[in-house]
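Below you'll find the structure, written out as structure tokens, and then a few comments.
The values are calculated or read from the model by the stated rules, or taken from the named source; none is laboratory data. Fair warning: this is a prediction, and the values are worked out from it, not measured in the lab. Ideal geometry is used to build each Cβ from the backbone, glycine not excepted, and the neighbour counts take in all protein chains shown.
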Amino acid sequence: MNKKLNGAVLLLCMALGATAQDLTITIPKTDSTAYRCYPVKANTAFGLRSQIVCNANGPFSVNIDRALSFSTYGSWVGIVDDNTPINISTGQTAIFDLAVQPPPGTQDEQYTLPVNIKAYKNGSSVSGFAPAQFVVIVDNTPPTDIALSKRSASSQSVTLNFDAFDVMSKKYTDVNPDVGRKGIKQFTLALKDQDDNIVATSTSLGTEPSWHKAVGNSNVQPNTTYTAFVTATDLAGNSATSSGLSVTTAPRAPHNLVAASPGYCSVTLTWDA
């Protein structure tokens with residue numbers, strides 16, 4: 001069951017004929033540098049996988065030591081299959097799936113949960129190994145510092161500059177820029193007419209290097225004033241919308257241009273409005 005997974009790798013220090021290199025713990029997660037899990041709101045469940053690999057001197061019987069694990073947040077974690085011990089020989093892997101759910105009312109913060117492993121060899125308990133750990137980022141707060149400005153306009157679209165920031169989700173995107181920037185997962189742009197109807201929308205991912213985008217379609221009219229909005233969504237799914245920005249599309253390009261009565265220093269031009 002060898003799988004290449006990102007995670008914290010910790011070597012177990014064993015007695016009773018085991019060595020520090022015999023067993024390796026891996027807790028898969030996107031963040032392999034700080035053991036952070038993808039941000040969630042309070043009362044949101046997610047899964048983690050804990051792997052124990054037997055590198056040498058097998059077999060061992062292994063499971064997770066709930067009594068020593070998860071620090072003061074043990075109620076957040078369920079162990080699938082009742083944490084039944086698994087026997088593994090050299091070259092084999094034991095997998096323990098964890099169901100994690102910070103309870104309602106949990107405040108915005110990073111919570112570190114250690115994971116201790118029980119190991120037995122020849123029926124005797126083996127001790128002296130370091131725990132693994134994972135960090136739960138709880139993010140209940142919508143993005144802030146939402147900015148929106150007009151960059152340019154055509155006759156049927158407006159290009160907008162936008163920006164936002166999210167304190168807790170940024171802790172994750174700082175080391176995982178492939179999922180967002182400044183803690184922002186996505187922007188949604190909208191144009192509303194004077195009757196407050198949405199006439200055009202567009203989305204932009206937080207991973208895009210430049211935060212500006214055109215919003216428009218065939219329903220957007222030339223030389224017309226609309227109200228633009230941007231909604232920023234963080235990694236945990238919290239959203240906030242900017243105040244409205246008044247924007248005006250450009251006039252339609254002149255057409256049916258006709259030149260007549262050319263003179264020495266002038267010519268008469270006519271075109272459709």
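Some notes on this structure:
- Evaluation of G123 against (1) at positive phi; (2) touching a residue at least 12 places away in the same chain (Cβ under 8 Å) (one fails), failing number: (2)
- 2 or more residues more than 24 Å from the chain's Cα centre (by Cα): qualifying strands (runs of 3 or more DSSP E) within segment 40-103: 46-54, 60-64, 86-88, 93-100
- Complete set of residues in segment 111-127 that are over 36 Å from the mean Cα position of the chain (by Cα), surrounded by fewer than 23 Cβ atoms within 10 Å (Cβ to Cβ) and not polar (S, T, N, Q): Y120, K121, G123
- Test result for S157, touching a strand residue (DSSP E or B) at 6+ places or on another chain (Cβ under 8 Å), crowded, with 17+ Cβ neighbours inside 10 Å and free of Cβ contacts under 8 Å to residues at least 24 places away in the same chain: no
- Residues satisfying the stated conditions in segment 141-152, i.e. touching a residue at least 12 places away in the same chain (Cβ under 8 Å) and surrounded by fewer than 19 Cβ atoms within 10 Å (Cβ to Cβ): T141, P142, T144, D145, A147, S149, K150, R151
- Every residue from segment 215-242 that is closer than 30 Å to T173 by Cα, in contact with a Leu (Cβ under 8 Å, 6 or more places away or on another chain) and either surrounded by fewer than 13 Cβ atoms within 10 Å (Cβ to Cβ) or of a type in the set (A, V, I, L, M) (or both): V215, A228, V230
- Lone unmet requirement of (1) touching a helix residue (DSSP H, G or I) at 6+ places or on another chain (Cβ under 9 Å); (2) assigned to a strand (DSSP E or B) for T227: (1)
- Between P209, P251, P262, the distinction of being in contact (Cβ under 8 Å) with a residue 24 or more places away in the chain and not aromatic (F, W, Y) belongs to P251 only.
- Boolean, S149 is of a type in the set (S, T, Y) and assigned to a loop (DSSP other than H, G, I, E, B): no
- Only one of the listed residues (T30, T24) is among the β-branched types (V, I, T) and modelled with pLDDT of 65 or more. That residue is T24.
- Where strands (runs of 3 or more DSSP E) sit wholly within segment 105-146, those with at least 2 residues that are closer than 26 Å to T26 by Cβ and of a type outside the set (G, A, S) occupy 109-115, 117-121, 132-138.
- Every residue from segment 228-273 that is modelled with pLDDT of 95 or more and in contact with an Asp or Glu (Cβ under 8 Å, 6 or more places away or on another chain): A232, D234, L235, A236, N238
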